[in-house]
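Peer 1: Input: one structure, supplied below.
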Amino acid sequence: MIAGLVVLAVLLILLAHHIHGLQPAEPNPAADAATAGRIAPLSGVYAGDTGAAAMAAAAEEARKAAASQVAYGGTLDGGEIYQQLCGTCHTTGAGGAPTLDHSHWDARVAQGIETLVKHAAEGFQGDAGLMPARGGNPALSDEQVEATVRWMVDNLK
């Protein structure tokens, strides 16, 4: 009798396990979001004529989004912008950035302030390193870039 009950219990357990396996698992939103984040592409792929158009459209969208923002409260204090953004590289010389001394800047200043402002606004690839456009902050206005470049030139050591 006991052996029969044990066999019946084992059969009921196996039947319950089988029935449970047939039920679809409930989706886990956190796991689904983590998976989507892991398999998402890192950036867009632009190829051929349509790719160039898509890349230009993406760049224009980024420019418009940045134009709607105001960097550093719209300040035109070049010293403040330098401290918050430019000084990261230009104080230490990181990435080949010229530090604020005449030995690094005299040849650059000789090119004219307009050239320096253009390189700062549009970005520049030189022998020593790379100057990202607007110091890497696309929300900087042209006026803020110019004010910061002029401040840097005025504060050379």
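The values are calculated or read from the model by the stated rules, or taken from the named source; none is laboratory data. What you are looking at is a predicted structure, and each value in this text was computed from that prediction instead of being measured. Quick reminder, even Gly has a Cβ in these numbers, built from the backbone with ideal geometry, and neighbours come from all protein chains shown.
Peer 1: Given (1) surrounded by fewer than 16 Cβ atoms within 10 Å (Cβ to Cβ); (2) under 20 Å from the mean Cα position of the chain (by Cα); (3) among the aliphatic types (A, V, I, L, M), where does Ala121 come up short, assuming only one miss?
Peer 2: (1)
Peer 1: Here's something else I'd like to know. State whether the residues of segment 125-132 include one that is in a helix (DSSP H, G or I) and without any contact (Cβ under 8 Å) to a residue 60 or more places away in the chain.
Peer 2: Among the residues of segment 125-132, not one is in a helix (DSSP H, G or I) and without any contact (Cβ under 8 Å) to a residue 60 or more places away in the chain, which makes the answer no.
Peer 1: In segment 141-157, what residues are assigned to a loop (DSSP other than H, G, I, E, B) and over 15 Å from His90 (Cβ atoms)?
Peer 2: The one that is assigned to a loop (DSSP other than H, G, I, E, B) and over 15 Å from His90 (Cβ atoms): Ser141.
Peer 1: OK, next. In this structure, does Ala40 turn out to be closer than 30 Å to Asp127 by Cβ and at pLDDT below 85?
Peer 2: no
Peer 1: Considering only residues that are modelled with pLDDT under 70 and surrounded by 11 or more Cβ atoms within 10 Å (Cβ to Cβ), which ones fall in segment 43-66?
Peer 2: Tyr46, Ala66
Peer 1: I would also like to ask the following. Being at negative phi and under 22 Å from the mean Cα position of the chain (by Cα) is the filter here, so list the residues in segment 130-147 that pass it.
Peer 2: The answer is Leu130, Met131, Pro132, Ala133, Asn137, Pro138, Ala139, Leu140, Ser141, Asp142, Gln144, Val145.
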